[in-house]
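Asks: Before we start, here is the structure in question, set down as structure tokens.
Throughout, read-outs are computed from the coordinates displayed, never taken from laboratory work. These numbers were taken from a predicted model, which means no experiment stands behind them. Methodologically, a virtual Cβ is constructed for each residue, glycine included, from the backbone with ideal geometry; neighbour enumeration extends over all protein chains shown.
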Amino acid sequence: MPLPSLPRLIKAQRHKIFRETVRRIADHPWSPYQEFLVRTAEGQDRLQTWLDLFAEALAGHEEAFLEDQKSIGYVRSRMEGFGLEVLTQFYCTVPDVMWRIIDEAVGRRGSALPALPRQIQHLNTVLLRGYSAIATSYVKSREEGIVEKVKQLQDLNRFTREIITLIEPEELVRFLLGRMATLFGVEETAMALCREGKVQGVYRHPPAARELAPNQIMEKTLKRGTIWFLDASGRPFRFLRQSPRKRAVSVPVRAHGRLYGVLCLRNRCRSFVFLEKELGLLNQFLHIMAVALENAFMLKENREAREQLHLLTGRMITIQEEERRRVAGDIHDTLTQALIGIGYKMQFCREIAGRKHELLLDQLEILLRTVNQAIDQSRALISSLRPDLIDTMGLVPALKRHFQSFSEETGIRVKARLPRKTQLPVGVNICLFRIAQEALMNVYKHAETREVEVALGKRNGRMVFVVADKGRGFDPAKTTAPGRSDLSRLGLLSMRERIESEGGSLQIRAAERRGCRIEAMIPIPLDDRGCRKTPS
């Protein structure tokens, strides 16, 4: 029987060679490349293509086979990250399988492999050239990768050195947008800057650019914290490999488990390549950016806290001086005048003591009334400094009396919902009473309303005190903006300081022309048995 040529023999045994090769590779220790060839349709198609091109190379058409090996070496190295050792393992496995199957086929025809010296030599030569092509391509791609990695490290180093000179979050965002547009060669960039889960602002590069169309994927990234893409036709998708070319990319900016924003890269018409390499590089820049934003927010918070402390300290000093001046005026207008009058009366009584008995009795009666008035004035003055009902009967009676006095003096009706009594530490009682005083005074000065609602109760293990009105309101962002030192801001700061000193928190919800709601929350302390002291 005539012996067929090796190319024809390999083509005839192609399916058997394919199945045996897959089986042999499956027996190798696990590796990503083994998983690729054995478990994926793409890998098995790749093996079939190699066998077809190799058979054509044996038939005299080597160029297509060698070009394919050059390109696949680049792909395996740069795009997929497989090592050269897995390609070497493949080049050892496939020929071994091929020789065994060819030997069996030739043996059935009564010949032996040595009868094919020239064809065998040619087969080995083609295999060697193929391996040489793929290895050379692999090494060259690795060299390119090293050069590219060095450039990336230089870019990262330059980016880090420049970004640490910026301390304002807005400056950091604008710097990032310009750099990312240049680095990735896109037309536009945008970033939604977040702080404590809320969007602080949306910035664009170039600044004059129209609003970015892919708001939908930025919103998805904000909501879900995952990367989203637009393909070349503008359809959103989630998986990086679903389409190598993108119209837009939306990536979260995160550090230490916190989301600081969402960055979007975008071209309006033409698409751009964005795969693992580009994503890895972008994530490195964004991690540096997130840490820089974290530091910038901390510095900003520290500056604001120092400014608030400075304003509050100055306000407290002013309040102390005003209180001293008021107390001095009250003493002068009440007790001093009363004591002067008492002194005159006593001197007059001494003069008439032996001559006009009835007149003396009348003067003593007037003197007694004056003394009683002085005592009442003293009590009122002391009560204004510290309500006596707080110490004797508790917080609720003190609040009721204050609400009554406030309504009588200002004409503003106080709708109060209070428990019958409370069992709280003296410090907490004083804190809540002072907050009521300050909040009601703010209503009187600024709200332009005739009614205010006040409520005190228990919620989730905390005492909650609410003062709400439907007056003219205000913009909290403007009121608490750095650089403002008006009394309304200082009043809010003093309330916040008081409540936080007792381990609580203060929430202020307000809007212009929509009123204001102040909610103070203090944890209810535990009694000796470890139970919470509950209001009756």
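Asks: For the stretch 175-245, which trypsin sites (Lys or Arg not before Pro) are both in a DSSP coil and crowded by at most 13 other Cβ atoms within 10 Å? Mind dumping the intermediate values first?
Replies: Working: sites: ARG179, ARG195, LYS198, ARG204, ARG210, LYS220, LYS223, ARG224, ARG238, ARG241, ARG245; in loops: ARG210, ARG238.
Answer in residue order: ARG210, ARG238.
Asks: Taking θ = phi - 60°, what integer Hz values does the Karplus form 6.51 cos²θ - 1.76 cosθ + 1.60 yield along the stretch 366-373, in sequence order, with x for Gly and Pro?
Replies: 5, 4, 5, 4, 4, 4, 5, 4
Asks: Separate question: When you take every Cα atom in the stretch 235-282, what is the radius of gyration, and what is Dmax, the widest Cα pair distance, in Å?
Replies: 11.7, 36
Asks: Which pairs, out of LYS11/LYS70; LYS149/LYS246; LYS400/LYS445; LYS223/LYS246; LYS198/LYS415; LYS400/LYS458, put more than 27 Å between their alpha-carbon atoms?
Replies: Values: LYS11/LYS70 23 Å; LYS149/LYS246 23 Å; LYS400/LYS445 21 Å; LYS223/LYS246 21 Å; LYS198/LYS415 34 Å; LYS400/LYS458 18 Å.
Beyond 27 Å: LYS198/LYS415.
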